[in-house]
Amino acid sequence: MKKRIASSILGLLIIIGTLGGVKALQIGDLIAAGKSMAPPPTAITSIDVQRSDWETTLNSIGTLEASQGVVITADLPGRISQLYFDGGESVSAGDLLLEQETSSEGADLSAAESDLLLAQSNLDRVSRLWRSRVVSRSEFDAAQSQASAAQARVDGINSSLTKKQITAPFDGRLGLRLANIGQDLAQGVPIVSLQAFDPMRVNFSMPQRELSRVTAGLEVRVSANAVPDRIFSGTITAINTEIDAATRTVRVQATLDVKPDSGDDLPALLPGMFASVEVVLPEKKQVLMVPLTAISFATYGDSVFVLENNEDEQLVARQQFVQLGERRGDFVEISKGLDDGDSIASEGVFKLRNGAPVKANEGDSEPSTNPQPDNG
(Lines give C-alpha, C1' and ligand atoms only; values in the text may rest on other atoms or scores of the structure.)
Protein backbone atom coordinates (compact mmCIF):
# COMPACT_ATOMS: atom_id res chain seq x y z
CA MET A 1 0.00 0.00 0.00
CA LYS A 2 2.77 2.41 0.90
CA LYS A 3 4.61 1.58 -2.28
CA ARG A 4 1.56 2.41 -4.36
CA ILE A 5 1.11 5.79 -2.65
CA ALA A 6 4.79 6.69 -3.08
CA SER A 7 4.73 5.76 -6.76
CA SER A 8 1.60 7.84 -7.28
CA ILE A 9 3.19 10.88 -5.63
CA LEU A 10 6.35 10.41 -7.65
CA GLY A 11 4.35 10.22 -10.88
CA LEU A 12 2.42 13.33 -9.97
CA LEU A 13 5.65 15.23 -9.29
CA ILE A 14 7.07 14.08 -12.62
CA ILE A 15 3.97 15.34 -14.43
CA ILE A 16 4.04 18.71 -12.62
CA GLY A 17 7.78 19.10 -13.32
CA THR A 18 7.27 18.28 -16.97
CA LEU A 19 4.43 20.82 -17.35
CA GLY A 20 6.44 23.46 -15.46
CA GLY A 21 9.45 22.92 -17.70
CA VAL A 22 7.32 23.23 -20.84
CA LYS A 23 5.73 26.44 -19.58
CA ALA A 24 9.11 27.87 -18.58
CA LEU A 25 10.43 27.16 -22.07
CA GLN A 26 7.37 28.83 -23.61
CA ILE A 27 7.70 31.92 -21.39
CA GLY A 28 11.41 32.17 -22.18
CA ASP A 29 10.67 31.98 -25.89
CA LEU A 30 8.03 34.74 -25.53
CA ILE A 31 10.48 36.97 -23.59
CA ALA A 32 13.17 36.45 -26.19
CA ALA A 33 10.71 37.19 -28.99
CA GLY A 34 9.57 40.35 -27.19
CA LYS A 35 13.14 41.54 -26.83
CA SER A 36 13.79 40.94 -30.49
CA MET A 37 10.63 42.84 -31.56
CA ALA A 38 10.87 46.70 -31.84
CA PRO A 39 8.02 49.18 -32.31
CA PRO A 40 7.77 50.76 -35.77
CA PRO A 41 9.43 54.19 -36.15
CA THR A 42 7.20 57.18 -35.40
CA ALA A 43 6.66 59.48 -38.40
CA ILE A 44 7.59 63.08 -37.58
CA THR A 45 8.69 66.26 -39.34
CA SER A 46 12.25 67.45 -38.76
CA ILE A 47 14.00 70.79 -39.03
CA ASP A 48 17.56 71.96 -38.53
CA VAL A 49 18.17 74.61 -35.88
CA GLN A 50 19.49 77.78 -37.52
CA ARG A 51 20.70 81.17 -36.47
CA SER A 52 18.78 84.16 -37.68
CA ASP A 53 19.10 87.93 -37.45
CA TRP A 54 16.15 89.34 -35.53
CA GLU A 55 15.45 93.04 -35.44
CA THR A 56 15.51 94.63 -32.01
CA THR A 57 12.26 96.26 -30.97
CA LEU A 58 10.74 98.08 -28.02
CA ASN A 59 7.07 97.56 -27.24
CA SER A 60 4.64 99.99 -25.70
CA ILE A 61 0.96 100.90 -25.48
CA GLY A 62 -0.28 104.11 -27.09
CA THR A 63 -3.30 106.26 -27.81
CA LEU A 64 -4.19 107.54 -31.26
CA GLU A 65 -4.98 111.16 -31.97
CA ALA A 66 -5.70 113.17 -35.10
CA SER A 67 -3.16 115.61 -36.49
CA GLN A 68 -5.72 118.32 -35.74
CA GLY A 69 -8.82 117.93 -33.64
CA VAL A 70 -11.17 120.31 -31.88
CA VAL A 71 -14.64 120.45 -30.38
CA ILE A 72 -16.26 123.48 -31.95
CA THR A 73 -18.06 125.72 -29.46
CA ALA A 74 -19.83 129.09 -29.51
CA ASP A 75 -17.73 132.18 -28.79
CA LEU A 76 -20.82 134.19 -27.78
CA PRO A 77 -24.17 133.16 -26.28
CA GLY A 78 -27.11 133.18 -28.66
CA ARG A 79 -29.92 131.19 -30.25
CA ILE A 80 -29.21 129.03 -33.30
CA SER A 81 -31.04 130.35 -36.35
CA GLN A 82 -29.47 128.24 -39.13
CA LEU A 83 -27.58 124.93 -39.30
CA TYR A 84 -25.58 124.00 -42.39
CA PHE A 85 -24.45 120.49 -41.46
CA ASP A 86 -26.03 117.22 -40.35
CA GLY A 87 -22.97 115.55 -38.82
CA GLY A 88 -20.52 113.06 -40.25
CA GLU A 89 -19.66 114.95 -43.43
CA SER A 90 -16.30 116.31 -44.56
CA VAL A 91 -15.80 120.08 -44.56
CA SER A 92 -13.13 122.52 -45.72
CA ALA A 93 -11.58 125.35 -43.77
CA GLY A 94 -13.92 128.35 -43.75
CA ASP A 95 -17.13 126.42 -44.47
CA LEU A 96 -20.10 127.93 -42.62
CA LEU A 97 -21.48 125.51 -40.03
CA LEU A 98 -24.18 127.52 -38.23
CA GLU A 99 -25.53 131.01 -37.63
CA GLN A 100 -26.89 132.46 -34.42
CA GLU A 101 -29.70 134.98 -34.04
CA THR A 102 -28.32 138.50 -34.74
CA SER A 103 -31.40 140.74 -34.79
CA SER A 104 -30.32 142.72 -31.71
CA GLU A 105 -26.77 143.08 -33.03
CA GLY A 106 -28.19 144.24 -36.36
CA ALA A 107 -30.19 146.98 -34.65
CA ASP A 108 -27.18 148.00 -32.58
CA LEU A 109 -25.08 148.10 -35.74
CA SER A 110 -27.52 150.49 -37.46
CA ALA A 111 -27.43 152.84 -34.46
CA ALA A 112 -23.65 152.62 -34.22
CA GLU A 113 -23.22 153.36 -37.94
CA SER A 114 -25.52 156.37 -37.59
CA ASP A 115 -23.46 157.64 -34.66
CA LEU A 116 -20.32 157.06 -36.72
CA LEU A 117 -21.64 159.15 -39.60
CA LEU A 118 -22.53 161.97 -37.22
CA ALA A 119 -19.14 161.79 -35.50
CA GLN A 120 -17.29 161.83 -38.83
CA SER A 121 -19.33 164.80 -40.07
CA ASN A 122 -18.65 166.66 -36.83
CA LEU A 123 -14.93 165.82 -37.14
CA ASP A 124 -14.83 167.15 -40.70
CA ARG A 125 -16.48 170.39 -39.64
CA VAL A 126 -14.23 170.86 -36.61
CA SER A 127 -11.17 170.03 -38.73
CA ARG A 128 -11.97 172.88 -41.14
CA LEU A 129 -12.53 175.27 -38.25
CA TRP A 130 -9.28 174.07 -36.62
CA ARG A 131 -7.33 174.82 -39.78
CA SER A 132 -8.88 178.32 -39.76
CA ARG A 133 -7.95 178.68 -36.10
CA VAL A 134 -11.59 179.24 -35.18
CA VAL A 135 -11.80 176.43 -32.61
CA SER A 136 -9.30 175.32 -30.02
CA ARG A 137 -7.11 172.25 -30.17
CA SER A 138 -9.08 170.60 -27.35
CA GLU A 139 -12.32 170.82 -29.37
CA PHE A 140 -10.58 169.22 -32.36
CA ASP A 141 -9.20 166.42 -30.17
CA ALA A 142 -12.62 165.81 -28.63
CA ALA A 143 -14.26 165.51 -32.08
CA GLN A 144 -11.52 163.15 -33.23
CA SER A 145 -11.97 160.99 -30.10
CA GLN A 146 -15.73 160.80 -30.64
CA ALA A 147 -15.23 159.64 -34.22
CA SER A 148 -12.73 156.99 -33.12
CA ALA A 149 -15.08 155.74 -30.39
CA ALA A 150 -17.95 155.52 -32.87
CA GLN A 151 -15.76 153.53 -35.29
CA ALA A 152 -14.73 151.19 -32.47
CA ARG A 153 -18.37 150.53 -31.57
CA VAL A 154 -19.13 149.65 -35.21
CA ASP A 155 -16.08 147.34 -35.38
CA GLY A 156 -17.09 145.64 -32.11
CA ILE A 157 -20.60 144.92 -33.34
CA ASN A 158 -19.28 143.61 -36.67
CA SER A 159 -16.92 141.34 -34.74
CA SER A 160 -19.83 139.97 -32.72
CA LEU A 161 -21.77 139.35 -35.93
CA THR A 162 -18.79 137.48 -37.38
CA LYS A 163 -18.42 135.33 -34.25
CA LYS A 164 -22.09 134.35 -34.51
CA GLN A 165 -21.31 132.79 -37.88
CA ILE A 166 -19.35 129.69 -36.84
CA THR A 167 -17.06 128.23 -39.53
CA ALA A 168 -14.73 125.22 -39.79
CA PRO A 169 -11.20 126.21 -38.70
CA PHE A 170 -9.51 123.55 -40.88
CA ASP A 171 -10.23 120.73 -43.32
CA GLY A 172 -11.59 117.61 -41.63
CA ARG A 173 -14.54 115.42 -40.85
CA LEU A 174 -17.38 116.36 -38.54
CA GLY A 175 -18.63 114.07 -35.79
CA LEU A 176 -22.11 113.88 -34.28
CA ARG A 177 -24.14 117.07 -34.19
CA LEU A 178 -24.72 118.21 -30.61
CA ALA A 179 -26.90 121.27 -31.27
CA ASN A 180 -30.24 122.00 -32.96
CA ILE A 181 -32.02 124.97 -34.53
CA GLY A 182 -33.66 127.11 -31.87
CA GLN A 183 -31.33 125.98 -29.13
CA ASP A 184 -29.86 128.69 -26.91
CA LEU A 185 -26.11 128.27 -26.88
CA ALA A 186 -24.05 129.38 -23.92
CA GLN A 187 -20.42 130.28 -24.39
CA GLY A 188 -18.27 127.10 -24.58
CA VAL A 189 -21.15 124.66 -25.17
CA PRO A 190 -20.01 121.87 -27.59
CA ILE A 191 -21.56 121.97 -31.05
CA VAL A 192 -19.66 119.30 -33.04
CA SER A 193 -16.28 117.57 -33.11
CA LEU A 194 -13.99 118.24 -36.07
CA GLN A 195 -11.04 115.89 -36.73
CA ALA A 196 -8.35 115.87 -39.43
CA PHE A 197 -7.24 112.24 -39.92
CA ASP A 198 -4.31 112.68 -42.29
CA PRO A 199 -1.81 112.25 -40.81
CA MET A 200 -2.72 110.29 -37.70
CA ARG A 201 -0.51 110.39 -34.61
CA VAL A 202 0.11 107.93 -31.80
CA ASN A 203 1.31 108.96 -28.35
CA PHE A 204 3.05 106.38 -26.16
CA SER A 205 5.47 106.21 -23.24
CA MET A 206 8.89 104.63 -22.96
CA PRO A 207 10.87 103.96 -19.74
CA GLN A 208 13.70 106.39 -19.06
CA ARG A 209 16.33 103.64 -19.40
CA GLU A 210 15.43 103.39 -23.11
CA LEU A 211 15.68 107.13 -23.74
CA SER A 212 19.17 106.89 -25.26
CA ARG A 213 17.95 104.28 -27.79
CA VAL A 214 14.84 106.14 -28.93
CA THR A 215 15.46 108.91 -31.45
CA ALA A 216 13.41 110.87 -33.94
CA GLY A 217 13.10 109.16 -37.30
CA LEU A 218 12.95 105.57 -36.01
CA GLU A 219 10.34 103.35 -37.63
CA VAL A 220 7.28 102.31 -35.62
CA ARG A 221 4.65 99.69 -36.31
CA VAL A 222 1.19 100.16 -34.87
CA SER A 223 -1.68 97.69 -34.58
CA ALA A 224 -5.16 97.98 -33.08
CA ASN A 225 -7.71 95.31 -32.23
CA ALA A 226 -10.26 97.21 -34.33
CA VAL A 227 -8.30 96.14 -37.44
CA PRO A 228 -6.37 93.04 -36.31
CA ASP A 229 -5.26 92.08 -39.83
CA ARG A 230 -3.35 95.31 -40.55
CA ILE A 231 -0.05 96.83 -39.42
CA PHE A 232 0.39 100.60 -39.81
CA SER A 233 3.84 102.09 -40.31
CA GLY A 234 5.12 105.47 -39.21
CA THR A 235 8.11 107.33 -37.79
CA ILE A 236 8.90 108.98 -34.49
CA THR A 237 8.51 112.73 -34.93
CA ALA A 238 8.71 114.12 -31.38
CA ILE A 239 10.08 113.18 -27.97
CA ASN A 240 9.04 115.07 -24.86
CA THR A 241 11.67 117.19 -23.16
CA GLU A 242 10.87 116.03 -19.63
CA ILE A 243 10.45 112.77 -17.73
CA ASP A 244 7.23 112.07 -15.87
CA ALA A 245 8.26 112.19 -12.22
CA ALA A 246 5.51 109.75 -11.19
CA THR A 247 6.16 106.99 -13.73
CA ARG A 248 9.76 107.77 -14.80
CA THR A 249 8.72 107.51 -18.43
CA VAL A 250 9.05 109.84 -21.40
CA ARG A 251 6.22 110.57 -23.82
CA VAL A 252 6.94 109.88 -27.48
CA GLN A 253 4.89 110.82 -30.52
CA ALA A 254 4.94 109.10 -33.90
CA THR A 255 3.21 110.12 -37.12
CA LEU A 256 1.36 107.49 -39.17
CA ASP A 257 0.19 107.57 -42.74
CA VAL A 258 -3.41 106.42 -42.31
CA LYS A 259 -5.68 107.15 -45.25
CA PRO A 260 -9.29 105.97 -45.72
CA ASP A 261 -9.66 102.70 -47.56
CA SER A 262 -10.87 102.80 -51.13
CA GLY A 263 -14.56 103.66 -51.20
CA ASP A 264 -14.62 104.51 -47.48
CA ASP A 265 -14.76 107.97 -45.93
CA LEU A 266 -13.29 106.96 -42.58
CA PRO A 267 -9.75 105.73 -41.97
CA ALA A 268 -9.15 102.38 -40.28
CA LEU A 269 -7.84 104.13 -37.15
CA LEU A 270 -9.76 106.79 -35.24
CA PRO A 271 -8.66 109.24 -32.55
CA GLY A 272 -8.84 107.85 -29.03
CA MET A 273 -8.21 104.24 -30.04
CA PHE A 274 -5.95 102.02 -27.94
CA ALA A 275 -2.97 100.76 -29.98
CA SER A 276 0.03 98.48 -29.62
CA VAL A 277 3.26 100.21 -30.65
CA GLU A 278 6.49 98.54 -31.70
CA VAL A 279 9.59 100.74 -32.12
CA VAL A 280 12.12 99.22 -34.54
CA LEU A 281 15.71 99.87 -33.40
CA PRO A 282 18.59 99.95 -35.92
CA GLU A 283 20.64 97.15 -34.29
CA LYS A 284 19.91 93.44 -34.87
CA LYS A 285 20.63 90.35 -32.74
CA GLN A 286 21.49 86.77 -33.68
CA VAL A 287 19.27 84.07 -32.18
CA LEU A 288 18.73 80.32 -32.42
CA MET A 289 15.10 79.88 -33.39
CA VAL A 290 12.80 76.87 -33.67
CA PRO A 291 9.11 76.56 -34.52
CA LEU A 292 6.70 76.70 -31.61
CA THR A 293 5.34 73.33 -32.74
CA ALA A 294 8.71 71.77 -31.82
CA ILE A 295 8.36 72.70 -28.15
CA SER A 296 6.92 70.24 -25.65
CA PHE A 297 5.56 72.51 -22.93
CA ALA A 298 5.41 71.12 -19.39
CA THR A 299 5.27 72.40 -15.83
CA TYR A 300 8.62 70.81 -14.96
CA GLY A 301 10.36 72.35 -17.98
CA ASP A 302 10.07 72.90 -21.72
CA SER A 303 11.85 70.51 -24.04
CA VAL A 304 12.48 69.53 -27.65
CA PHE A 305 13.34 66.18 -29.22
CA VAL A 306 16.77 66.11 -30.83
CA LEU A 307 17.15 63.58 -33.66
CA GLU A 308 20.35 61.51 -33.64
CA ASN A 309 21.59 58.02 -34.54
CA ASN A 310 22.00 55.37 -31.86
CA GLU A 311 24.59 52.58 -31.71
CA ASP A 312 22.66 50.59 -34.32
CA GLU A 313 22.66 53.64 -36.67
CA GLN A 314 18.93 53.99 -36.15
CA LEU A 315 17.43 57.47 -35.98
CA VAL A 316 15.96 58.07 -32.52
CA ALA A 317 14.54 61.05 -30.59
CA ARG A 318 16.35 62.30 -27.49
CA GLN A 319 14.48 64.64 -25.18
CA GLN A 320 16.44 67.84 -24.51
CA PHE A 321 15.33 70.49 -22.02
CA VAL A 322 15.74 74.07 -23.26
CA GLN A 323 15.32 77.65 -22.08
CA LEU A 324 13.02 79.78 -24.20
CA GLY A 325 13.43 83.44 -25.05
CA GLU A 326 11.42 85.87 -27.16
CA ARG A 327 8.60 84.68 -29.38
CA ARG A 328 7.97 86.04 -32.86
CA GLY A 329 5.20 84.72 -35.02
CA ASP A 330 5.51 80.95 -35.37
CA PHE A 331 9.04 80.87 -33.92
CA VAL A 332 10.57 81.05 -30.46
CA GLU A 333 14.14 81.88 -29.45
CA ILE A 334 16.23 79.14 -27.77
CA SER A 335 18.54 80.82 -25.29
CA LYS A 336 20.03 77.60 -23.87
CA GLY A 337 19.96 73.87 -24.65
CA LEU A 338 20.58 73.64 -28.42
CA ASP A 339 23.42 74.29 -30.84
CA ASP A 340 23.44 75.61 -34.36
CA GLY A 341 22.80 72.77 -36.83
CA ASP A 342 21.01 70.39 -34.42
CA SER A 343 18.21 68.44 -36.06
CA ILE A 344 14.97 68.40 -34.07
CA ALA A 345 11.41 67.18 -34.47
CA SER A 346 9.28 70.13 -35.53
CA GLU A 347 5.86 68.45 -35.74
CA GLY A 348 4.41 65.39 -34.08
CA VAL A 349 6.35 65.80 -30.82
CA PHE A 350 3.30 64.81 -28.79
CA LYS A 351 3.77 61.23 -30.10
CA LEU A 352 7.40 60.93 -29.05
CA ARG A 353 9.16 59.59 -25.99
CA ASN A 354 12.83 59.63 -25.06
CA GLY A 355 14.77 57.11 -27.18
CA ALA A 356 11.87 56.34 -29.52
CA PRO A 357 12.82 55.43 -33.13
CA VAL A 358 11.58 57.97 -35.64
CA LYS A 359 11.17 58.46 -39.36
CA ALA A 360 11.77 62.05 -40.42
CA ASN A 361 9.72 63.57 -43.26
CA GLU A 362 9.52 67.00 -44.82
CA GLY A 363 6.73 69.19 -43.45
CA ASP A 364 4.03 70.89 -45.51
CA SER A 365 3.69 74.00 -43.32
CA GLU A 366 6.06 76.97 -43.54
CA PRO A 367 6.35 78.80 -40.22
CA SER A 368 7.05 82.52 -40.34
CA THR A 369 8.21 85.20 -37.91
CA ASN A 370 5.45 87.44 -39.28
CA PRO A 371 2.50 85.23 -40.16
CA GLN A 372 -0.41 86.84 -41.98
CA PRO A 373 -3.99 85.60 -41.50
CA ASP A 374 -5.67 84.06 -44.52
CA ASN A 375 -8.90 85.98 -45.12
CA GLY A 376 -9.90 83.73 -47.96
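The values are calculated or read from the model by the stated rules, or taken from the named source; none is laboratory data. Nothing here was measured: the structure is a model prediction, and the numbers come from that model. Cβ placement follows ideal geometry from the backbone for every residue including glycine, while neighbour counts extend to all protein chains displayed. Note: areas computed on protein heavy atoms with side chains; ligands, DNA, RNA excluded. Shrake-Rupley method; radii C 1.70, N 1.55, O 1.52, S 1.80 Å.
Sequence neighbours fewer than 8 away in the same chain don't count; with that in mind, list the aspartates and glutamates whose C-alpha is under 20 Å from residue 359.
Within the straight-line limit of under 20 Å, residue 359 reaches these aspartates and glutamates: 48, 308, 311, 312, 313, 342, 347.
Exactly which GluC sites (Glu not before Pro) in segment 200-242 are in a DSSP loop and have at most 16 other Cβ atoms within 10 Å?
242
Pick out which of 157, 72, 236 has the largest mean-square fluctuation in a Gaussian network model of the chain, springs linking Cα atoms closer than 10 Å.
Top of the fluctuation ranking is 157.
Taking the structure as given and computing P(r) over Cα pairs in 10 Å bins from 0, in percent, which label from (i) 5, 24, 35, 27, 8, 1, 0; (ii) 4, 13, 13, 13, 12, 10, 9, 7, 5, 4, 4, 2, 1, 1, 1, 1, 0, 0, 0; (iii) 6, 24, 30, 20, 12, 7, 2, 0 fits?
Checking each listed value against the structure points to (ii).
How much solvent-accessible surface does residue 273 expose, in Å² to the nearest 10, with a 1.4 Å probe and all protein chains in place?
Accessible area, nearest 10 Å²: 40 Å².
Just want the answer: with Cβ charges of +1 for Lys and Arg and -1 for Asp and Glu, which residue in 81, 178, 286 is farthest toward the dipole's positive end in the chain?
286
So for the chain, taking the charge dipole from beta-carbon charges (+1 Lys/Arg, -1 Asp/Glu), which of 304, 132, 49 sits furthest toward the positive end?
304
Where does each of 296-302, 138-144 land if you order them by average Cβ count within 10 Å, highest first?
138-144, 296-302
How large is Rg over Rh for segment 156-290, taking Rg from the Cα atoms and Rh as the Kirkwood inverse mean of 1/r across Cα pairs?
So for segment 156-290, dividing Rg by the Kirkwood Rh gives 1.12.
Among the GluC sites (Glu not before Pro) within segment 68-137, which fall in a DSSP loop and have no more than 12 other Cβ atoms within 10 Å of their own Cβ? Mind dumping the intermediate values first?
Working: sites: 89, 99, 101, 105, 113; in loops: 89, 101.
Within segment 68-137, the qualifying GluC sites (Glu not before Pro) (loop, at most 12 other Cβ atoms within 10 Å) are 89.
Based on DSSP H runs of at least 4 residues, each adding -39500 (n - 2.57), what is the mean residue ellipticity at 222 nm of the chain after dividing by all its residues, to the nearest 500 deg cm²/dmol?
It lands at -8500 deg cm²/dmol.
In segment 304-350, what GluC sites (Glu not before Pro) fall in a loop by DSSP, with at most 10 other Cβ atoms inside 10 Å?
Those that pass, being in a loop and sparsely packed, are 311, 313.
Can you give the extra length, in nm with one decimal, that the chain gains between residue 113 and residue 95 once fully stretched, where that is 0.36 nm per residue apart less the Cα-Cα distance?
Working: separation 18, 0.36 × 18 = 6.48 nm, distance 2.84 nm.
Stretched out fully, the residue 113 to residue 95 stretch lengthens by 3.6 nm.
Tell me, what is the percent relative contact order of the chain, built from C-alpha pairs under 8 Å that lie six or more residues apart?
24
Spelling out what I want: for every residue of segment 192-198, take phi, set θ = phi - 60°, compute 6.51 cos²θ - 1.76 cosθ + 1.60 (Karplus), and round to whole Hz; glycine and proline get x.
With coefficients 6.51, -1.76 and 1.60, one gets 6, 8, 10, 10, 9, 8, 10 Hz.
Report, in debye and to the nearest 20, how large the dipole of the chain comes out about its Cα centre when Lys and Arg carry +1 and Asp and Glu carry -1 on their Cβ. List each step's numbers first, then the result.
Working: 34 positive and 49 negative charges, 361 e Å.
Here the size comes out at about 1740 debye.
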